[in-house]
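For reference, the structure discussed in these notes is given below.
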Amino acid sequence: MKRLIYLTLHELKMMVLSSGTYVIAVLFLLLVDVLFLGIVYEYSRTLNTKPLVEPFFRIFWLPTLFIVPLLTMKTFAESRRLGTLEPLMATLVRPWQVVVSKFLSTYSFYMILWSGALVLPFLLNFVLASEAQSYFILSFETLVGGYCFIAIVGAFYVALGIFASSLTRSQVTASMLTFSLLFAVLIGGRFLLEAPLLSEPQLSLFRDYSEYLQTFSHLDDFMEGVIDTRPVVLYLSSAFVILGITSWVIEAKA
């Protein structure tokens, strides 16, 4: 346990000292700012009965598609390229400890970025304090539910990125592979559900399974205050399995 804590703190320290970390943070916040301004502009032009934070959470997938590959591409690919992973594995450190430490540090920074992004609706609510109710900016259940969903699904996405980074020495290849995996999970599932083939009665079971994997349906439930344990188990168990596979890959290639 002490080794895991030490490795995690070391990874966090390296992220703090890296200039690339701050570049990623700036790019993420700029993208979120632009998207948020667009949402505010469209929101001000129409009469809305739903809080502004709801469409804000609905676009979470767009920053995620770019930020997760950038955060995770260095985790193992850079270590392999520099030749620092093999000496580390030659010590008493176990593969799963290295994988979990990189996951915890990357996931922590992922959540810090999203916490910073959530300042925007609070700031807007403060600026428009006298008209906040008429604009309906904040909703407690939507805010808590949406953030909880981003936290839960983020564990799965970060695990995917770390797994992709463990397969190659190239950061570019790792980021492209992560982007492809995330795109398949986020967007591919919806296209799969709309495929004409799934309308066949013989494939009804497969269609039901595809509906269960719809990320945006899970997000809608969370924003409505419905905390269903099934998506929680799905994403967290998937993250656990992927991290386990990553540990096996690291051990096999060490």
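The values are calculated or read from the model by the stated rules, or taken from the named source; none is laboratory data. Because the structure is a prediction, the values reported are computed rather than measured. Neighbour counts run over all protein chains shown; Cβ positions are idealised from the backbone, glycine included.
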Review point. Are there any pairs with C-beta distances below 6 angstrom linking a residue in the range 69-95 that is free of Cβ contacts under 8 Å to residues at least 60 places away in the same chain and surrounded by 14 or more Cβ atoms within 10 Å (Cβ to Cβ) to a residue that is assigned to a helix (DSSP H, G or I) and among the hydrophobic types (A, V, I, L, M, F, W, C), with the two at least 6 apart or on different chains, and if so which?
Key: 79/85
Practice item. Only residues that are within 30 Å of residue 84 (Cα to Cα) and part of a loop (DSSP other than H, G, I, E, B): list them for the range 1-53, please. Key: 1, 18
Point to revise | One residue from 56, 109, 122, 103 being touching a residue at least 60 places away in the same chain (Cβ under 8 Å), surrounded by fewer than 22 Cβ atoms within 10 Å (Cβ to Cβ) and not in a loop (DSSP other than H, G, I, E, B) | key: 109
Check your understanding: Residues in the range 30-41: is at least one in contact (Cβ under 8 Å) with a residue 24 or more places away in the chain and exposed (fewer than 12 other Cβ atoms within 10 Å of the Cβ)?
Key -> no
Revision key, fill the gap. Within the range 204-254, of all residues that are among the basic types (Lys, Arg) and surrounded by fewer than 17 Cβ atoms within 10 Å (Cβ to Cβ), the one modelled with the lowest pLDDT is 253
Study note, to complete from the structure: Across (1) part of a helix (DSSP H, G or I); (2) of a type outside the set (Val, Ile, Thr); (3) under 18 Å from the mean Cα position of the chain (by Cα), residue 74 clears everything bar (1)
Check your understanding: Just to be sure, is residue 58 under 17 Å from the mean Cα position of the chain (by Cα) and charged (D, E, K, R)?
Key -> yes
Practice item. Quick one: which residue in 174, 184 is at pLDDT 80 or above, touching a Ser or Thr at 6+ places or on another chain (Cβ under 7 Å) and of a type in the set (A, V, I, L, M)? Key: 174
